[in-house]
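In what follows, a single structure is set out as structure tokens and then discussed.
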Amino acid sequence: MKKGRKYKSGSIAGSLTGRMALLMVACAIIIMSFSYRMVSQNVIESSQRYAKMLLSVYGDMMCYETEQEHIPIDLNYSSDADYLGDYFCKWYNVDYVYLYAPDVENGTVTIISFSCDEKLVGKYNAYRGDTIVGSVVDYKLTDDELALWNGEMAFAVLDAALVPSDVEIEYLVKDAFGNKVILGGAISNEGIRSQIRSGIITVAIAILAIIVFAIAIFHLLISRKASLPAKNISKAIEDYMKGGQRSKVRLNEKGYHEFAMISEAFNRMSDDIDRYMADNETLSRERERQSAEIDIAASIQHGLLPAMEALTGNCRIHSGMKPAKYIGGDLYDYIRIDGNHTMAVVADVSGKGMSASMFMAVTLTLIRQFARLGHSPASILGNVNSTLSEENPKMMFVTAFIAIYDSENHTVTYANAGHNQPYIISDRLVRLDGAPGSPLGLFPDEQYTDVSVPMNVGDTLFLYTDGVNEAVTENGEFFGTDRLENVLTELTGDSDPAQCVYDAVRAFVGNAEQNDDITMLSLTACDNAPIELDYDIREFRKIKSLIMDSGMPDRFKLDLCVAAEECFVNICSYAFDGAVPEGEKILFSLEYSNQAVLRFVDGGRQFDPRKNMPSTDEYDIDTRVGGLGRFIAFTVADSVDYEYTDGKNILTISKTLMKQ
Amino acid sequence: MQITKTVGNGTVIIKPEGWLDTVSSPELGDAVESVTEAGSIILDFDLVEYMASAGLRQILMAHKKSQSLGASFSIINVCPQVMSIFKMTNIDSKLDIKAKNPA
């Protein structure tokens, strides 16, 4: 047993043996009380037996002697008669044996006695030479003795009368000459008690020895048959709990049926547990692998989508997508179709998980494909719909909204395939509720309609998925379109509508788990004509503020400023040898989405900055001073392109805005 | 551009502030040029957020100036963007330039 265990202390064997011992002691006490009576009885009987025995052995001799001497009793013994008396007294556990012949008329008896007690030896014996002879004592026979003497009784049991003792037993016998003699045995109470005591002690010791022996055997048996198997089982269980080579822990208790059953059950259980553990491990590995694959799929899915922010030729785009816990099927996209047209899309695939995300990827690809071919929104939807409907056994579907902003005519043309109706935010909020159509993928012949509405510089088109209006609190309350419209109405200046709406949604739902993708896209029409700059290095501050105030990630802005400054200073310095002609300007424009594109157009002399560039491996300041700025610009940018068209130098600096 | 100049114990500490671009850089050059004697010249770039090649040229000239004065020359507290310019032009290996400790 280990320390500190909270079960009952003591082993089965100990506890059972203890109880067994108690039981046996109780039995012993009962046996002892019976045996007391038996021993008492035995002592009395043995006295009687003694007397008979003595008579049968010595009777003849005694009687013979009395015949010879012609005295009633004149017992004549050899010198070791004392020894014989002593021996017989001890053998039969009496204090005295005696023989006497009464003279009833004179009231005397002639008596001879033997005793094992030193003090009592030969009390009534007289010696004649070497022989013991009886002595004559005054004694009046009791009634019982008289009856015995007269042959009316076989024996008499008397209170002590003739010799000093407590009980006397007398028999009428005849000696060899036919003379009547009374043979007696006497015993004191003390003698009886001591006999009983010694008898009891002997019995008690015997019983105790039997008990101890029995208990020892019992304990040994219980230990071997019960405690040891129990200990083995407990140890096996502990070993098993420790783990390691679990299946190596076997129980092999054969003994009693119960332990064999436990043993077998344990082995079966450990086998089962081992198997479950192994299965579980395999399963969890499988789950891990699947989850890793889903993560990869999610990152591929997000990789398909364009940058969150963009400034294209004619509009500024903010978008945001917050996927729910599981990979989903929302998508947003925007493409600058040509100088004047930018397409914006938000779509939501039915369902969630891998199938939804794959369906989303297919949809995204199809939309881009048809958009690049110059289709109108309705035509894109129609084509995508018929393609998706061709093979769609699972009847998955996509709701989608496509809008194309035309910066030349200041209109937005849209078509809707069962999607949430978006808004145009101008001086008021307008919901684009025209051109309803069925979701994509269900009805191959569905026809979609284009609707055009005006959209001026500064107006914002806001597209979203139902993850926004159906965002739900823990109490089951929906965010709803009313709250959405409130947020959109209260937007100010250059704020990012997607971010503002998302913040409002998060604030509304609190800690509730997001259960659907939240996807938004805003397209703000802007007059993104290139800015005109004088051939003056102080004009760099305009370039600086355009870059620094843009929505690009901050960590790219300083590098782009360096590249722009170096190129701009270069143009200012070398475009014209003398005075700059009247009205001559440098045109600068900035666009970005996944990539930032900075463009300078100037009318100075033809100069390709890529020529005579110092090695990009290392710039040695001691040997080269010229070209330092260009070197820095080229190093900072991903690429610098140059072309000379229509008497204009066109310098384009590109840098990829890596997603974090 | 704000430039603070501290003189003491033969050491001149020049601390420009803001953007060292083509327009502002000459002011740094002027500040260095005005030093007439020094045991060491230190440019503290703690408050410089941005630097282009114009700033780099001023630093090279300041280095020459300190050599002519027999003064030691060092630049301290350089932010990552500026440090990247020093690195790409290999100037960090030629001058004593220490980056800003990341706070």
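Search the range B:46-76 for residues being within 14 Å of another protein chain (Cβ to nearest Cβ) and polar (S, T, N, Q), and hand back the single one that is farthest from residue A:544 (Cα to Cα).
B:67
Give the range A:295-339 a look and list any residue that's hydroxyl-bearing (Ser, Thr, Tyr) and either touching a Cys at 6+ places or on another chain (Cβ under 6 Å) or over 22 Å from residue A:523 (Cβ atoms) (or both), or say none.
Within the range A:295-339, A:299, A:326 qualify.
Of (1) within 11 Å of the chain's Cα centre (by Cα); (2) more than 10 Å from chain A (Cβ to nearest Cβ); (3) under 25 Å from residue A:633 (Cβ atoms), residue B:99 satisfies all except one. Which?
So the condition that residue B:99 fails would be (1).
Tell me yes or no: at least one residue of the range B:9-32 is away from chain A (no Cβ under 12 Å), at pLDDT below 90 and surrounded by fewer than 17 Cβ atoms within 10 Å (Cβ to Cβ).
Yes, some residue in the range B:9-32 is away from chain A (no Cβ under 12 Å), at pLDDT below 90 and surrounded by fewer than 17 Cβ atoms within 10 Å (Cβ to Cβ).
Residues are listed down the side, and each one gets a yes or a no for (1) surrounded by 21 or more Cβ atoms within 10 Å (Cβ to Cβ); (2) at positive phi; (3) modelled with pLDDT of 95 or more:
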{"position": "A:368", "(1), (2), (3)": "no, no, no"}
{"position": "A:373", "(1), (2), (3)": "no, no, no"}
{"position": "A:388", "(1), (2), (3)": "yes, no, no"}
{"position": "A:396", "(1), (2), (3)": "yes, no, no"}
{"position": "A:402", "(1), (2), (3)": "yes, no, yes"}
{"position": "A:410", "(1), (2), (3)": "no, yes, no"}
{"position": "A:414", "(1), (2), (3)": "yes, no, yes"}
{"position": "A:420", "(1), (2), (3)": "yes, no, no"}
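Looking at the range B:47-70, I want the residues that are in a helix (DSSP H, G or I) and have a partner that is surrounded by 21 or more Cβ atoms within 10 Å (Cβ to Cβ) and of a type in the set (S, T, N, Q) with Cβ atoms under 7 Å, at least 6 apart or on another chain. Which pairs are those?
Once the first residue is in a helix (DSSP H, G or I) and sits in the range B:47-70, its partners that are surrounded by 21 or more Cβ atoms within 10 Å (Cβ to Cβ) and of a type in the set (S, T, N, Q) give B:54/B:22; B:54/B:25; B:55/B:25; B:56/B:89; B:58/B:25.
Please find, within the range B:77-86, the residue that is nearest to residue A:630 (Cα to Cα) out of those that are surrounded by fewer than 19 Cβ atoms within 10 Å (Cβ to Cβ) and facing chain A (nearest Cβ under 10 Å).
Filtering first and then ranking leaves B:81.
With the condition kept exactly as written, say whether any residue in the range A:321-335 is over 45 Å from the mean Cα position of the chain (by Cα) and surrounded by fewer than 24 Cβ atoms within 10 Å (Cβ to Cβ).
So far as the range A:321-335 goes, yes, one or more of its residues are over 45 Å from the mean Cα position of the chain (by Cα) and surrounded by fewer than 24 Cβ atoms within 10 Å (Cβ to Cβ).
For the range A:395-473, please list each of the strands (runs of 3 or more DSSP E) lying entirely inside it that holds at least 2 residues being touching a strand residue (DSSP E or B) at 6+ places or on another chain (Cβ under 8 Å) and over 18 Å from residue A:319 (Cα atoms).
It comes to A:398-406, A:411-417, A:429-431, A:451-454.
Could you please let me know if residue A:406 is surrounded by 15 or more Cβ atoms within 10 Å (Cβ to Cβ), at pLDDT 90 or above and of a type outside the set (Val, Ile, Thr)?
Here the answer is yes, as residue A:406 does meet what is asked.
Residues checked against (1) surrounded by fewer than 17 Cβ atoms within 10 Å (Cβ to Cβ); (2) of a type in the set (Val, Ile, Thr); (3) within 24 Å of residue B:21 (Cα to Cα):
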| site | (1), (2), (3) |
| --- | --- |
| A:484 | no, no, no |
| A:492 | yes, yes, no |
| A:502 | no, no, no |
| A:505 | no, yes, no |
| A:555 | yes, no, yes |
| A:561 | no, no, yes |
| A:576 | yes, no, yes |
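Kindly state which helices (runs of 4 or more DSSP H) lie completely within the range A:475-584 and contain at least 1 residues that are more than 14 Å from chain B (Cβ to nearest Cβ) and within 29 Å of residue A:331 (Cβ to Cβ).
In the range A:475-584, A:480-489, A:497-509 are the helices (runs of 4 or more DSSP H) which contain 1 or more residues that are more than 14 Å from chain B (Cβ to nearest Cβ) and within 29 Å of residue A:331 (Cβ to Cβ).
The values are calculated or read from the model by the stated rules, or taken from the named source; none is laboratory data. Note that the coordinates shown come from a computational prediction; the quantities given were computed from them, not determined experimentally. Note that we place each Cβ from the backbone using ideal geometry, even for glycine, and neighbour counts take in every protein chain shown.
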